[in-house]
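What follows is a short report on a single structure.
The values are calculated or read from the model by the stated rules, or taken from the named source; none is laboratory data. This structure is a prediction, so every number in the text was calculated from the model and none was measured. Glycine gets a Cβ as well: all are built from the backbone with ideal geometry, and neighbour counts include every protein chain shown. We work out accessible area using only protein heavy atoms, side chains counted, and drop any ligands, DNA or RNA first. Shrake-Rupley method; radii C 1.70, N 1.55, O 1.52, S 1.80 Å.
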Amino acid sequence: GTTPSAPPVVTPPSSRTKFARSSSRLRSSSRANTERAVSRAEFRRRPRERTMAAMSSAARVLPARQPSTRKPPAHKSRASSTKTRALPRATVAAIAAPPAGKVRYDQVAAINFEGTSGTVHLHRVDFTDGWKTITIKVDGVGAEGLELHWGCVYDGAEDWAPPPEDAVLPDDTRGFGDDIASRSPFVNGTCVISFPPDVGENVERIVGIVVRGEDWMHAESGDLSVPLKTPSQAGVINKLATAERPGHGSLYERFCRVNDALNESMQSGPGGAAAIAAVLRLSAIRQLPWYAGGNY
């Protein structure tokens with residue numbers, strides 16, 4: 001028979017071989033660490049170039065994002081399954097694009113009637129389509145039976161007058177007394193008066209008093225007043241100068257006119273304040289008459 005071969009003899013590595021291998025690994029590791037340190041130092045020295053390079057690389061690698069063609073999942077709900085009635089085209093257009101408006105006057109006046117305190121909110125909005133809307137809202141004194149006793153004051157005048165014919169007035173508005181003043185009912189404490197485009201261009205302001213039957217609820221500041229024109233310095237000067245008629249008026253009446261013009265002057269800014277100061281100064285140095293046509 002054949003004689004079995006002896007197993008190979010594995011000779012353990014010598015100490016010199018172990019040292020050589022260890023030195024080789026250390027040199028490779030040191031070289032790699034040095035390269036990484038140089039790369040990091042170079043990376044920190046050039047941040048702008050680094051950022052631009054990264055962005056350029058990303059732009060080359062990443063594909064352009066395409067818009068998703070997936071449809072959103074259908075939500076099964078009672079609201080989505082309910083059928084809606086189609087609105088007429090004109091109605092849809094009116095809902096989609098209401099006329100824009102700008103608040104031109106916004107003041108609150110206090111009233112006190114028989115121990116009951118309340119407020120009157122005076123609000124005017126001018127719309128881009130030419131409409132002007134005045135809203136007067138009363139709070140705190142009860143809404144039942146309230147009416148607005150009011151009139152218009154036209155350019156260059158001080159007396160009340162009826163509103164223009166084409167003005168849009170509250171339902172059941174009627175003339176009062178000699179029809180110079182009007183009476184309009186409040187609905188839930190609110191009274192709305194509107195002027196279409198080109199209507200009331202010569203109306204300077206609306207003045208009024210809240211009444212209930214024979215009870216007159218005067219505001220603490222006097223008659224309610226809403227200017228229909230945007231307050232300006234020229235408007236304040238024109239109002240005060242027009243009232244200075246030769247041979248008429250007195251110092252007391254002038255002070256009343258200045259008091260009535262204070263709200264409008266505040267709305268018109270520094271120019272309105274200068275107009276008030278000029279009138280008072282001219283009156284103080286007697287360039288305007290104190291007692292013309294009367295002693296009061």
task: Sort out which residues of region 136-153 are crowded, with 16+ Cβ neighbours inside 10 Å and of a type outside the set (A, V, I, L, M, F, W, C), and write them in order of number.
output: K137, E147, H149, G151
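Can we say R281 is over 26 Å from G200 (Cα atoms) and part of a helix (DSSP H, G or I)?
yes
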query: Conditions: (1) on the phi > 0 side of the Ramachandran plot; (2) in a strand (DSSP E or B). V138 meets all but one. Number of the miss?
result: (1)
- request: Scan region 122-135 for residues that are in a loop (DSSP other than H, G, I, E, B) and surrounded by 14 or more Cβ atoms within 10 Å (Cβ to Cβ) and jot them down.
  value: W131
query: Under the condition of being in contact with a helix residue (DSSP H, G or I) (Cβ under 6 Å, 6 or more places away or on another chain) and aliphatic (A, V, I, L, M), which residue from region 228-249 is modelled with the lowest pLDDT?
result: A243
field: Among (1) in a loop (DSSP other than H, G, I, E, B); (2) free of Cβ contacts under 8 Å to residues at least 60 places away in the same chain; (3) in contact with a strand residue (DSSP E or B) (Cβ under 6 Å, 6 or more places away or on another chain) - the single one G145 does not satisfy
entry: (2)
- request: Could you please give the count of residues in region 160-194 that are under 32 Å from the mean Cα position of the chain (by Cα), under 17 Å from E204 (Cβ atoms) and open to solvent by 30 Å² or more (accessible area, probe 1.4 Å)?
  value: 0
